[in-house]
Number of protein chains: 2
Amino acid sequence: MNESAVGTLMNPASVAVIGASEDQNKYGGRLFKMLLSHGYRGRIMPINPARESLFGVKTFADVAATPDVPDVAVMAIPQPRVRETIEACAARGVQAAIVITARFSDAGPEGAALERDIVDIARAGGIRLVGPNCLGIISPANRVVLCPSTALAADGLPVGRVGFVSQSGALMGTIFDKAKEMGLAFSHAISVGNQADLELSDFVEFMIDDPATSVICTYIEGLKNPRRFAELAARAREAGKPWLAVSAGRTRAGAKAAFSHTASIAGERAVFEAVCREEHVTLLDSPLTMVALATSLADHPRARIDRIAVFSPSGGEAALAADEIEVGDMHMASFADATCEQLGAWFPPSQSCNPVDIGGRTVGDGPDVVGAAASVVAGDGGVDALLFAITTSPTLDRLAADVADALAIDAKHTPKKPVLYVFETGRLADAARTSLRERGRWFSNNLREAVDVLAAWHARSTYSSPGRTERPHRCPSEASDMTKDRVYGEGETRRVLERHGVTVNRERLARNEEEAVALAEAFGFPVVLKVVSPQIVHKSDVGGVRIDLYNEAMVRDAYRRIHADVAERAPQAHIDGLSVQTQFKGKLEMIVGARRDAAFGPIVVFGAGGVMVDLLPVRAIARAPVDEQRVIELLRRLPLWPLFEGFRGARLDLQGVVETIVRVSWLAADLADHDFELDINPLMVSSERVCAVDARLRMGKGQPE
Amino acid sequence: MNESAVGTLMNPASVAVIGASEDQNKYGGRLFKMLLSHGYRGRIMPINPARESLFGVKTFADVAATPDVPDVAVMAIPQPRVRETIEACAARGVQAAIVITARFSDAGPEGAALERDIVDIARAGGIRLVGPNCLGIISPANRVVLCPSTALAADGLPVGRVGFVSQSGALMGTIFDKAKEMGLAFSHAISVGNQADLELSDFVEFMIDDPATSVICTYIEGLKNPRRFAELAARAREAGKPWLAVSAGRTRAGAKAAFSHTASIAGERAVFEAVCREEHVTLLDSPLTMVALATSLADHPRARIDRIAVFSPSGGEAALAADEIEVGDMHMASFADATCEQLGAWFPPSQSCNPVDIGGRTVGDGPDVVGAAASVVAGDGGVDALLFAITTSPTLDRLAADVADALAIDAKHTPKKPVLYVFETGRLADAARTSLRERGRWFSNNLREAVDVLAAWHARSTYSSPGRTERPHRCPSEASDMTKDRVYGEGETRRVLERHGVTVNRERLARNEEEAVALAEAFGFPVVLKVVSPQIVHKSDVGGVRIDLYNEAMVRDAYRRIHADVAERAPQAHIDGLSVQTQFKGKLEMIVGARRDAAFGPIVVFGAGGVMVDLLPVRAIARAPVDEQRVIELLRRLPLWPLFEGFRGARLDLQGVVETIVRVSWLAADLADHDFELDINPLMVSSERVCAVDARLRMGKGQPE
């Protein structure tokens, strides 16, 4: 047994059920009954002072009266009695307690205070807590059921290799019931409730090391400790144990609903998603899709998914499947000639070369033909996975099972390659469903759901290993000098960037008109003039910027107009002078920013700027510092990427963009201990080079000096 | 009874079942049994020369031997016998025949020839045909089952108000079975097979007029007659009868699969989708989603869907539902204060104001509370639809039925507003599912599917009525002069556009350098020079274009360089001169094109041009001529729309763009009888005006003159 408290919780030698009864309308009654009926091998000690025995099991008046110290106490009792019960458990030396009872931090400040109290009591007494406001633990791997969900009322507790940690108890019970119907099963499932003590990450950590768990699933509403989440994700990635997650709140409406419902804090979603991708935590939209993918991953942990072979008794259904596959960014496999030739023995040519139309037109007409055909296709090196989209068919009852038998490479009916079965029919397919369940194979009842599984798998297949993160040359840290809460003006920010090796356009301060003209002539036309004043942050708003100055006369005119406009619109501002800058014409404007994310620390953010901000609002995010390979990967996923691939022969300076982002990320990393926000807007990008032509940096609360 | 052949098919007074047997492994056996067992009220005449009777029904040796002329003959017989059987039916005076038998045009040229033969024979004999290669007709409304699908083996033939016409038989059977499980039902369902005679549109036309059908569903792989489809769609729209469609082939992979499977011709998908939208035919991705939406539309034909109220016993599930709703472009409803106040009597504040968390925390805890709460929410003017996402819950069995009872406004349990029930649990919800089915209410077992229904309904809610289409002023037709197969050069195309009222930039032909300079000075700098030669189509490729000419010297230089480059790269070309044009700097380049679509006739196509072609490749399509209101609607749905809404204070000339597109559409309409292709690329758009600065027109095969 695992020596940790979590290990004890997942496989206790003895359990005290506080609040046990025979009443199946009550949480304590159901919990007790389900522990009894699912084959728990340890000692059960029901606590109920009013009864001698419950379902024939001897009861005890309280936890102090138990003959042995129970490893774990689970309680489904009125909220006002929880505190004294935890005290009693502490006094008895119980190692861990599960508090099913709700109305703590989930129900307002009073409950939250009580929750803090019981955590304090538990800690002082050496007890680790699950909950409160949770549905407890189901461990099919260990035959431990400490959970009152009605989903457990049915017989059978199939054992799988998928671990599930859920911030929602009802969702856990729901998925548990649905999964069973679909032939999916778990090693362990835990509802963590309010996470007053033990939290989601504690159970994930257990599962990373747990040999009974091959793939980890999580339902997340908000992270208690984001940094720990990221560290564990890196550990799971390094250990090669896939981690999948559904996280409510991917939209504003969802976030609002999720956070009114739990006490969890919202980090910035986009950063969370970026971290998940960096650490190979796959995010899915539906818990069931997650568990289905996890189950297939348990069989095929190293499969890369892209080229799908489709089988269906209906040409129409096959065509819809092909549509879904392409929408899911995958490909219909191109069969090898030899494959088509072999299939040609059973099917006419137009129905044998993916999709395979196994409808009434097979020669021989039996499902044995389909099994043989599936084996041929599974042996094709150009096929990553097989999808059976099963409609009404005279052979419906046997078809899926015969295919599963034909493809099985072991007693568990594991196929050589991933095989997904979809039953689009209703009750007509029940016998077929049962036959797959009996073989330990799962199925979906929904084409989209099955393709979603493949699509998420495909997305996982594109993950890359992290590259080496090295500080670039000529990129010294100077963060120690930058600790004051203030806003850096454009000129100062440029100098910070320059020292980190970021290219900026030429710029000097002109204190009078003649200096401005001289600088312009020295730089070469066209130039830009910008007002410099500590009081003016938004220079354009007060007429403080003039661009496209092609000759001396235009510079002189612009110089005067800026002074006149600023005098009128910002009369209180002290003008230090005008900044004369070379005008850099790029083919693309980008925004490159950096800041400290409250949850995950320093990050860089980049995407399209200028006129394209509204058209292509998607930005890429990476934790800082970032390496070149990752930046290129992220750029490839941005909608502006075609510009870097070469448009009408005009390629952009990709290397310059990548280097700028890497250098900014090192600046961000140097500032990791501070609250800060940096914006280069725009970074001009041409075919030959890049150039930051405006930038601003805020440190701390950012008082302007 | 409807007097048409289709009317007869849907409700025949008598049916001859050719190939009837008792063998349920055979199509003819199943078909006969299912006709018997589902309560058909007409006369059944099984044709089987080998038997006296089948299941106690007297048989006949052939169709000639029947006592009365059967209205309809249905045949599931070997392919080689179909021709003689059709001949016999013609001789007997049968009005319509359903040919279940396959291996006609679906199986290659030989089958196609035989198919043409039997159509000829049928026509000559006055018989209308369904099929071949089809699964026939199911009409619950008339208790007529002429279909061998195994989906009909189960008892019961629930009657609904949704008609379904399918190009896939297996898909029809599949959906029929699944629909039954989900509480969905049909008025009629038809599998049209190869559509050798009667086709999808014939049955849609019947349903438009059929009082038993409130909503029409279709599964489409390829249109036999696109123009008729469009006409019927307009008729259905005008009649206020919703028409929904799933059409395989929305991706290249799907189209390839669909068209290898049927003999149908691929029209251009994007045009088909545009026509569907114009005529309010809603396209969906899944047949089941389609039938579910249709069923809800039958209850609420005028409902507009956007603001959704979510109920769930699980806060987590509710949050996931809120996410899906926002992803589906809809909104979580904001409850009125009075609604929140009333709900406050039963739920704590954080769980009562959408989503409504009906989990264990209700006061009273019974489903009666949920029914009452649902009634309050259904009465809120800010709520368009209610979504119940049902997870495990102690009250699971009664919850949905109690809500359905509370919201019922008639004996059919029709609610005042659309209500969708989702059961995310597995078998645990079976009793609840049954209770809804018994009430004639449907449910989904998949959150995404239910939200897809709402999202498609929401999309329908944004349809607008067609505007008035009037020829703009100063837009004479001149198509009669433009019938030759040839390519119009830039100059000629400009003049055609100008005559249709489209603004083009100033342009004149210069025959020598001095003329070029004089024109440039007359137009004002900057100008553009372009070579004009009948042999040169792609001017830029041979160095034939120079832009940004700001003064006389630049014009002279450009003039000489163009001549030098063209002489070198296209030595055989005869140069008419150089076109001198004003250079128009826009903030946006657009492409506006027009052509004749093979399926639907003249269309206009428009979208982003220039550098944005690769970034924003989505284009809008409308049939020509198009009215201003529709153009604005389509522009709003393009990703470039933010530029028209005003970006950094710079609005673009929307009116100019709209007018240009309308005028081009009239030109396209004028050319409707010809094969043609017109491209304005680019149309430059600034804040004040628009200007076509390059254009080309191909008529017919487009030989250059």
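From the label point of A:D565, set 7 Å along Cα to the beta carbon, how far off in nm is each other copy's matching point, shortest first?
Once sorted, the set of distances for A:D565 reads 3.6 nm.
Evaluate E = 1/(1 + (r/R0)^6) for A:R689 and A:E552, where r is the Cβ-Cβ distance and R0 equals 41 Å; express this FRET efficiency to the nearest 0.05.
Using R0 = 41 Å, I get an efficiency of 0.95.
Please average, across the residues of B:243-252, the number of beta carbons from any other chain that are within 10 Å of each residue's own beta carbon, and give a whole number.
4
Using only the alpha carbons, work out the radius of gyration and Dmax of region B:242-353 in angstrom.
19.7, 62
Only Lys, Arg, Asp and Glu count, each charged at its Cβ (+1, +1, -1, -1), so figure out the dipole size of region A:303-461 about its Cα centre, rounded to 20 debye.
460
What number, in percent, do you get for the relative contact order of region B:620-688 if the mean sequence gap of Cα pairs under 8 Å and at least 6 apart is divided by its residue count?
40
If R₀ is 30 angstrom, what is the calculated FRET efficiency for the pair A:E110 and A:K26, using the beta carbon separation as r and rounding to 0.05?
0.80
Could you give the alpha-carbon Rg of region A:98-234 over 2.2 N^0.38 Å, rounded to two decimals?
1.05
If you wrap a convex hull around the Cα atoms of chain A, how much volume per residue is inside, in Å³?
189
What are the principal axis extents of the Cα atoms in region A:5-296, in Å, biggest first?
55, 42, 32
Which three semi-axes in whole Å describe the equivalent ellipsoid of region B:303-461, each the square root of 5 times a Cα gyration tensor eigenvalue, listed largest first?
Calculated on Cα positions only, the semi-axes equal 20, 19, 16 Å.
Of A:A456, A:P394, A:A408, which is farthest on the positive side of the dipole of region A:303-461, counting Cα position, with +1 on Lys and Arg Cβ, -1 on Asp and Glu Cβ, and the Cα centre as origin?
Toward the positive end, the furthest listed residue is A:A408.
Between region B:380-447 and region A:267-338, what's the alpha-carbon centroid distance in Å?
Comparing the Cα centres of region B:380-447 and region A:267-338, I get a distance of 31 Å.
With a 1.4 Å probe and all protein chains left in place, how much accessible area per residue does chain B have, in Å²?
For chain B, the solvent-accessible area averages 38 Å² per residue.
Which value, in debye to the nearest 20, describes the size of the charge dipole of region A:25-133 about its Cα centre when Lys and Arg Cβ atoms bear +1, Asp and Glu Cβ atoms bear -1, and nothing else is charged?
Magnitude of the dipole: close to 420 debye.
Keeping the other protein chains in place, figure out the carbon and sulfur percent of the accessible area of region A:303-461, with a 1.4 Å probe.
Using a 1.4 Å probe with all protein chains present, region A:303-461 comes out at 51 percent carbon and sulfur.
Rg to Rh ratio, region B:588-704, alpha-carbon atoms and Kirkwood radius?
With Rh from the inverse mean 1/r over Cα pairs, Rg/Rh is 0.97.
Just counting partner chain Cβ atoms within 10 Å, what average do the residues of peptide B:171-183 show around their Cβ?
Average per residue, whole number: 6.
Using alpha-carbon positions, what is the distance between the centroids of region B:521-552 and region A:137-158, in Å?
So the two Cα centres are separated by 79 Å.
If you line up the Cα atoms of region A:1-108 on their principal axes, what length do they span on each, largest first, in Å?
39, 34, 25
Rounded to the nearest 100 Å², what is the buried accessible area between B and A, both sides summed, probe 1.4 Å?
6400
In nm, one decimal, shortest first: how far is the label point of A:S464 (7 Å from Cα along Cα to beta carbon) from the matching points in the other copies?
Counterpart label points of A:S464 in the remaining copies fall at 4.6 nm.
So if R0 is 51 Å, what FRET efficiency would B:E52 and B:A431 give, r being the distance between their Cβ atoms, rounded to the nearest 0.05?
0.60
Scaled to the compact-protein estimate 2.2 N^0.38 Å, what is the alpha-carbon radius of gyration of region B:496-587, rounded to two decimal places?
For region B:496-587, the normalised Cα radius of gyration comes out at 1.06.
Need one value for B:447-460: mean number of C-beta atoms belonging to other chains within 10 Å of its residues' C-beta atoms.
Mean inter-chain Cβ contacts per residue within 10 Å come to 1.
Work out, step by step, the length gained on full extension between A:E478 and A:A408: first 0.36 nm times the residue separation, then minus their alpha carbon distance; give nm to one decimal.
Extending this stretch completely gives an extra 19.1 nm.
Would you mind calculating the relative contact order of region B:588-704 from Cα pairs under 8 angstrom and at least 6 residues apart, reporting the percent as a whole number?
31
Once you compute Rg and the Kirkwood Rh from C-alpha atoms, what is the Rg to Rh ratio for the protein assembly as shown?
Looking at the protein assembly as shown, the ratio lands at 1.01.
If you take the charge dipole of chain A about its Cα centre, with +1 on Lys and Arg Cβ and -1 on Asp and Glu Cβ, which of A:P418, A:G160, A:V580 is farthest toward its positive end?
Projecting each Cα onto the dipole axis, the largest value belongs to A:G160.
Which trypsin sites (Lys or Arg not before Pro) does region B:545-641 hold that lie in a coil by DSSP with at most 15 other beta carbons within 10 Å?
Loop-located and lightly packed - B:K585, B:K587, B:R637.
Ignoring ligands, DNA and RNA, please state the percent of accessible area on region B:5-296 from carbon and sulfur, probe 1.4 Å.
50
For region A:533-611, which whole percent of the accessible surface, found with a 1.4 angstrom probe, sits on carbon and sulfur atoms?
Roughly 50 percent, rounded to a whole number.
In the protein assembly as shown, if the dipole is taken from +1 on Lys/Arg beta carbons and -1 on Asp/Glu beta carbons about the Cα centre, which of A:H331, B:P211, A:V82 is farthest to the positive end?
Selected residue: A:V82.
For chain B, list the DSSP H helices whose alpha carbon atoms reach 20 Å or more along the long axis and whose average Kyte-Doolittle value is -1.0 or above?
The answer, listed by residue number, is B:109-124, B:447-461, B:552-569, B:654-670.
Which distances, shortest first and in nm, link A:R304 to the matching position in the other copies, using label points set 7 Å out along Cα to C-beta?
Spelled out, the distances from A:R304's label point are 5.1 nm.
Please work out which residue of chain A brings its Cβ closest to the axis of the rotation superposing A onto B, and round that distance to whole Å.
Value returned for chain A: A:N446, 3.
Give, rounded to the nearest 20 debye, the magnitude of the charge dipole that the protein assembly as shown has about its Cα centre when Lys and Arg contribute +1 at Cβ and Asp and Glu contribute -1 at Cβ.
The calculation lands at about 460 debye.
With runs of 4+ DSSP H residues as the only contributors, calculate the mean residue ellipticity of the protein assembly as shown at 222 nm using -39,500 (n - 2.57) per run, divided by the residue total and rounded to the nearest 500.
Calculated from helices alone, the mean residue ellipticity at 222 nm is -11000 deg cm²/dmol.
The values are calculated or read from the model by the stated rules, or taken from the named source; none is laboratory data. Just so it is clear, the model here is predicted, and its values are computed rather than measured. So basically every Cβ, Gly included, is an ideal-geometry build from the backbone, and we count neighbours across all protein chains shown. The accessibility values were calculated without ligands, DNA or RNA, using every heavy atom of the protein model including side chains. Shrake-Rupley method; radii C 1.70, N 1.55, O 1.52, S 1.80 Å.
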